Each structure stands twice: as structure tokens, then as C-alpha cells.
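Encoded as C-alpha cells, the structure appears first; notes follow it.
The values are calculated or read from the model by the stated rules, or taken from the named source; none is laboratory data. Model, not experiment: these values are computed from the prediction. FYI the Cβ positions are ideal-geometry reconstructions off the backbone, even for glycines, and counts take in every protein chain you see.
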């Protein structure tokens, strides 16, 4: 029963609509109707300013970390911990509180890895920076850097469950970046 509870809590934590609430609080805007329409840290930063953007990113990272730490505490099954990591990102990207709209999952995924495998983070960030320099487009680069997650996890752990975990997270992130990839192919750039 704790396992199901841990996974349910992870999804609900992820679903907490940080950017939406801070957009309402700081600028009285519906973040879904401004900027890119994405319910995440970068859109709230661009639409409402530094402080709400910074707080959104910080809280979204915290959601990922907390979900995994709670699952580790409530369950002895490693699979449940991996599922909590996946479900918190799914909750962030497809929030039950926003009719299944949400962010792109980058900050929440970072939070998951803070709790689960912090050694992975510098390598994924390096991939994102290199792709940003090569592509000259932050949105596309950060989305595409998700492809590095399963590769890095393979070399770090050499276990199928880690690679599968990385593949699922990468697929979730890539699915939310399809519009960025399309805009990149059309020649539109989004450098911060």
C-alpha cells in the first residue's frame, strides 16, 4: 500500500502548478495564455520577471527531489523509487490541476537526479551547454540534451533498469519539446 501511496504522492507533487500560481500571484497573469504558454520556469521568467521565474525553478526542482526522497523513505522497492521519479515529472508536465497541461519537466527532472543520482547532473548540463553552443537555441538544446540521460546512466551504472529509467524520462521531456524542435527547423531561435 505504501508503494501505491508513494507513487500517487509523486504524481500529485509534480502536478502542483508552481508557474501558474506564481504568475497569478506576481503579475495576475495566466501563464498558459502568455509567452509560449508553457507552465514552467522559463516562461514565467520571460512573462513575469526574475523572482517568479527563479522561485518557480527552485520549487519545481524541490518537487522532483521531495517525491524521490519520500518514495525512498516509504518503500523498499527500487522500482517504486524509479516510478516516483517518472511520475513526478509526468505530473509536472501533465498537471491534473491544469487539465493535463504543464511544463516541460527539466527542473523537476533535475530535482529527481539530485535525490537519485547527483553524479549524473554535471554530464547532462555539459551536454545541454554543448548543444546550446552548437545549435544556438536554448529550448531545442535543453530538450535534445534529454537524449544524453540514458547514455550517461548506462555508462555510470551499466544496469538495464537505470537505462530504462533514463529512456522514459528522455521520452517524456522530448514529447514536451516537439514544438521547440519544429520551430528550430523553421529557423526561429530562442537564445536567452
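Test residue 12 against the criterion of being at pLDDT 95 or above and not assigned by TED's automatic domain parsing to the domain that holds residue 176, and give yes or no. Yes. Scanning region 14-27 for residues that are in contact (Cβ under 8 Å) with a residue 24 or more places away in the chain and within 18 Å of the chain's Cα centre (by Cα), we see that the one that is farthest from residue 95 (Cα to Cα) is 22.
There is at least one residue in region 93-102 that is part of a helix (DSSP H, G or I) and either under 15 Å from the mean Cα position of the chain (by Cα) or surrounded by 19 or more Cβ atoms within 10 Å (Cβ to Cβ) (or both). Per this entry, residue 143 is not counted among residues that are touching a strand residue (DSSP E or B) at 6+ places or on another chain (Cβ under 7 Å), touching a residue at least 12 places away in the same chain (Cβ under 8 Å), within 23 Å of residue 61 (Cβ to Cβ) and buried (at least 20 other Cβ atoms within 10 Å of the Cβ). State yes or no: is residue 185 out of contact with any helix residue (DSSP H, G or I) (no Cβ under 7 Å at 6 or more places or on another chain) and in the same structural domain as residue 1 (by TED's automatic domain parsing)? It is false that residue 185 is out of contact with any helix residue (DSSP H, G or I) (no Cβ under 7 Å at 6 or more places or on another chain) and in the same structural domain as residue 1 (by TED's automatic domain parsing).
The rows are residues; the columns are (1) closer than 23 Å to residue 149 by Cα; (2) over 18 Å from the mean Cα position of the chain (by Cα); (3) surrounded by 23 or more Cβ atoms within 10 Å (Cβ to Cβ); (4) without any contact (Cβ under 8 Å) to a residue 12 or more places away in the chain.
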residue	(1), (2), (3), (4)
1	no, yes, no, yes
12	no, no, no, no
29	no, yes, no, no
40	yes, no, yes, no
47	no, yes, no, no
84	yes, no, yes, no
90	yes, no, no, no
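Could you say whether any residue in region 57-74 is under 29 Å from residue 187 (Cα atoms) and in contact with a helix residue (DSSP H, G or I) (Cβ under 8 Å, 6 or more places away or on another chain)? Yes, that holds for at least one residue.
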